[in-house]
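Written below as structure tokens is the structure these notes are about.
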Amino acid sequence: MRLLLSLLPLLLPLWLLLSATAVAALPAASASEQPVPQPVRYGVLASFPPFQIWPQDGVPGGADLEIVGEMARAAGLVLQPVRYTDYRQLEADLAAGRIQLASSMARSAERELQLRFTPPYAQFQLALLTRAEQPSGALLPDLAGRSIAVVNGYASQAQADRLFPLASRVVVGSPREGIEAVRTGRADTLLESLPVLVDIIEREQIRGLSVARRIDAPSGRLHLAVPATQPALAQRLAEAVRNYPPLRVDSLVEAWSVRAPDSRPQALQLSPEDTAQLAAWPAPVVGLVGRDAPFASLNAEGQPEGLSVDMLRGVLQRLGKAPRAWLALTPEQVPAALAAGRVDVLVGADEGAESASQLRFVGPFIEYPTVLIGRPESGAFDLVQMYGRRLALPPGSAARPYVESRYPGVRIVDCPALEACLAAVRQDEADATLADVVSTMVAMARQPRADLQVIGAEAQLRRFHSLALPERHAAMVPLFKRALDVAIDQDMPQLKNRWFSRSVQADVHKALLRRYGPWAAAVLALLGALWWLHSRRLWAEVRRTQAAQQAAERVGTEKARLAAFLAHEVRNSLHSVIAGAELAQETQGAAAANTASAPAPSNAARLAEAARSTLRLLNNLIDRDRLDAGRLRLHTEPTRLMPLLQAVAREMAPAAELAGLQLRLQGPQPDPRRQVDALRLQQVLRNLLSNAVKYGAATPGTAPAEVELAVLPADPLAPGTVVMEVRDRGRGVAPADVPGLFEPYGAAHRDTASAGLGLPISRELMRLMGGELTLQARPGGGTVVRISLQAEPLPEAPAPAPVRALHVLVVEDAEVLALLLARAFEQRGHRVEVAATVAQARLRLAAGGIDLLLSDLHLPDGSGSELLAWARAELPAPAPWLLAMTADIDTEAAALEGALVRAVLQKTGDAAALAERALREVSA
């Protein structure tokens, strides 16, 4: 490999020359046909083996160069490597866009703010590196007082912050510098990628170090990264990553890695030096710390037993040693025993900062999580919720420094051991205690405590079991580590099965069963009988409730159907009344034109206004229900505002005349087409003008009685904002009463008949259209209601082609409205026939010759939608245009548009506008 790297500077220019010659020899046509690869500046670290290697004055190499190069070719890219010696500079240049690609990047929330990542193309473990004489791999928050080297800017730095929040830091610039910091004692541990550490250690033959632990973490997933401003490049590379074979990644990483010897051999191999060292070491005295079943405790005969005891025996056996004696110690007796040299090995000792100066820990060989134990009613599930509460902990607990530093609001109560801590919680001297899950289960099995339970867990804290040697035996630590690795691989499954599968305190359980079993059986039988009786009554009540609920739902459904039917029929009747009144007005207007006197408001005008007022109230009630249920939908179309406003003004003019008011209209200038829901906007304007007419009678001393509908000039900076105002000179509204006007069923003037629906519904309709409605007092008396909505001007559409004379079939059971529709179509040059039922319409359609079918959806002998579906499926070509009309465009009616008919039109009482809308749909 070194020979190949030394020859690369000589071979690379030759390869480039041959490539240039070959490219020059290709025909010009082929060069023009092949796509030109996109050049991409690719950041490469000078020393990040085995992934990225670029010696000074050398050529780049490493597994990433081959992997990314093959992915780039698949994505149509050509790499331009850029050498970096500082990782943070590489990341900064990538975020700024000075380079376009980097590899071996770990994904994090902070980086995602500036970079885009591909899916991971490789997954590797992290490793905790220590010196061989301090091989502890316990993931304690403070690392038992030891320091950790972190590579500045690397993803492993975030993992170190998460796993070891209380450990002191030694910041280094590269993994190689971190290894050197551990080797020289400047730092005690290093957390970094396992392949990187193994490659550097084996390549440079660095001795005296040990991989104490391997960790699976998200930072072990390697991604390609590009600047956030390059989404297309990220997409191309992501596709290349998904198509890249994973086995190819493994083979390339293995090819560029220096193979490390197996760290866990099947059997312990001792060198002559190891044998001599063991021969000089006397048989050890083992200290048994505490009483921690099933790990390390004394049985009834006073002999040591437990998983930790058996693990130590296995380690000593592989070293050719046996315990000389066992010495039972309490945690408080350990320092004195170590100082006197009375023990040579400890089992059951907890690793912590206070013991780091006296002991060297080897392991851990087993670990498990820590749980929070308390009373069921405590309401705390983790340490965050223990703020201001009492937590019972032994003085030597490994969790104590973590709690004191990270959760200072938790009050710690001293207790000598777990049993005492549990007693403190039961006696309300503490609110909870922390203990490992195994010790907790053993304690609960030994003495059941119904008033205590596991109420939460603390993921950051774990219990570790290790072996410990005094400082005077530090030279034996590497041998113990090697023997422990073999013992873990070969003995741990059997030890777990032996110590975790057998019953704990089986004799206690049997005694409890014999004593309380009969009573418990009797109580259970009684409870079972009571439950059976209760269940029968409960099921009977459930069946009665379900039957009543189903009956209520049927009644509700029938009521809703009846309400919909009545609403449709009342609307049809009101439309007929309005249409008839307008027809009578036209007749009276023609007669009045022959007289010289000014026409007075006619009974027909009063009748039309009364019908419109009733129709507005009905529409508001129905829309109130739909808004509450979220079923109201908008139907927008390109519309000019002036015709829309003129139609509303014509409709409201008779009401204003009856009230002695003058209605003035100020339209938009200019009036481009805008995408709006014309019917809903007209509904809002009708409500506002109706209020203005109702309350707009001039007060004494004010300006002449008039109502204004004005469109304000457009703002050049916001041409899409349309603002309209409805102004009156009536009695006005006090500022304190304005909020109540927008509450459903609220009204400012209780002496005037009002349902209190118009303003709340109008504001909700405007908000549904993306606008707003406000009300304020008008200077000089009266009110001003302003509405605004967003409707961008649309480009002018070409003039529609003139519609040829059509043969129209109107299917409508309201006789007056059908007559006015027929008249409106005839005035526009079309021939019209009218049918009042589905049967009549089918007969006429079957005869042929109909160009446009306009049908109501609710007919006396059937559904208009069924008639339209029949016409669509059965009529021969050329089929007529199909349009539907209804007084109530609900969700079901709107669903017909596009699927069955060209459009669904809403009946408003203005037959001419309805006919004009139908002809626009046909000509569109």
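Applying the selection to region 87-98, what residues are over 20 Å from Pro119 (Cα atoms) and surrounded by 15 or more Cβ atoms within 10 Å (Cβ to Cβ)? Walk me through it before giving the result.
Step one: filter region 87-98 for residues over 20 Å from Pro119 (Cα atoms), giving 87-90, 92-93, 96-98.
Matches in region 87-98: Tyr87, Leu90, Asp93.
Scanning region 62-84 turns up no residue that is out of contact with any strand residue (DSSP E or B) (no Cβ under 6 Å at 6 or more places or on another chain), surrounded by fewer than 23 Cβ atoms within 10 Å (Cβ to Cβ), hydroxyl-bearing (Ser, Thr, Tyr) and in the same structural domain as Val241 (by TED's automatic domain parsing).
For region 194-217, filtered to residues that are acidic (Asp, Glu) and either assigned by TED's automatic domain parsing to the domain that holds Arg482 or not in a helix (DSSP H, G or I) (or both), the residue that is modelled with the highest pLDDT is Glu204. Suppose we filter Gly771, Gly758, Gly781 for residues that are at pLDDT below 90 and within 46 Å of the chain's Cα centre (by Cα); which single one remains? The match here is Gly758.
Note on region 96-193: enclosed strands (runs of 3 or more DSSP E) holding 1 or more residues that are acidic (Asp, Glu) and touching a strand residue (DSSP E or B) at 6+ places or on another chain (Cβ under 7 Å) are 189-193.
Restricting attention to region 398-413, does a residue exist that is over 41 Å from the mean Cα position of the chain (by Cα) and surrounded by fewer than 19 Cβ atoms within 10 Å (Cβ to Cβ)? Scanning region 398-413, I find no residue that is over 41 Å from the mean Cα position of the chain (by Cα) and surrounded by fewer than 19 Cβ atoms within 10 Å (Cβ to Cβ), so the answer is no. Looking only at residues of region 897-918 that are part of a loop (DSSP other than H, G, I, E, B) and modelled with pLDDT of 80 or more, we find that the one that is farthest from Met642 (Cα to Cα) is Leu900. Taking every residue in region 362-388 that is on the phi > 0 side of the Ramachandran plot and without any contact (Cβ under 8 Å) to a residue 12 or more places away in the chain and pairing it with any residue that is outside any strand (DSSP E or B) and surrounded by fewer than 23 Cβ atoms within 10 Å (Cβ to Cβ), at least 6 positions away or on another chain, the pairs with Cβ-Cβ distances below 9 Å are Gly379/Gln385.
With respect to Phe464, determine if the residue is closer than 19 Å to Glu351 by Cβ, in the same structural domain as Tyr407 (by TED's automatic domain parsing) and modelled with pLDDT of 90 or more. No, not satisfied. Residues of region 117-141 that are more than 32 Å from the chain's Cα centre (by Cα), surrounded by fewer than 19 Cβ atoms within 10 Å (Cβ to Cβ) and not small (Gly, Ala, Ser): Glu133 alone.
With the structure loaded, tell me whether Gln114 is in the same structural domain as Ala63 (by TED's automatic domain parsing) and out of contact with any Phe, Trp or Tyr (no Cβ under 8 Å at 6 or more places or on another chain) or whether it fails that test.
On the way: in the same structural domain as Ala63 (by TED's automatic domain parsing): yes; out of contact with any Phe, Trp or Tyr (no Cβ under 8 Å at 6 or more places or on another chain): yes.
The answer is yes for Gln114.
Yes/no matrix, rows are residues, columns are (1) crowded, with 21+ Cβ neighbours inside 10 Å; (2) of a type in the set (Phe, Trp, Tyr); (3) over 41 Å from the mean Cα position of the chain (by Cα):
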site: Ala430; (1), (2), (3): yes, no, no
site: Val437; (1), (2), (3): no, no, no
site: Ala445; (1), (2), (3): no, no, yes
site: Asp451; (1), (2), (3): no, no, no
site: Ile455; (1), (2), (3): no, no, no
site: His473; (1), (2), (3): no, no, yes
site: Met476; (1), (2), (3): yes, no, yes
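Residues in region 390-419 that are modelled with pLDDT of 90 or more and not in a strand (DSSP E or B): Val410, Cys415.
At least 2 residues being of a type in the set (D, E, K, R) and free of Cβ contacts under 8 Å to residues at least 40 places away in the same chain is the threshold, and among the strands (runs of 3 or more DSSP E) wholly inside region 817-896 those reaching it are 831-835.
The values are calculated or read from the model by the stated rules, or taken from the named source; none is laboratory data. Small disclaimer: the values here were computed from a predicted structure and weren't measured. Ideal geometry is used to build each Cβ from the backbone, glycine not excepted, and the neighbour counts take in all protein chains shown.
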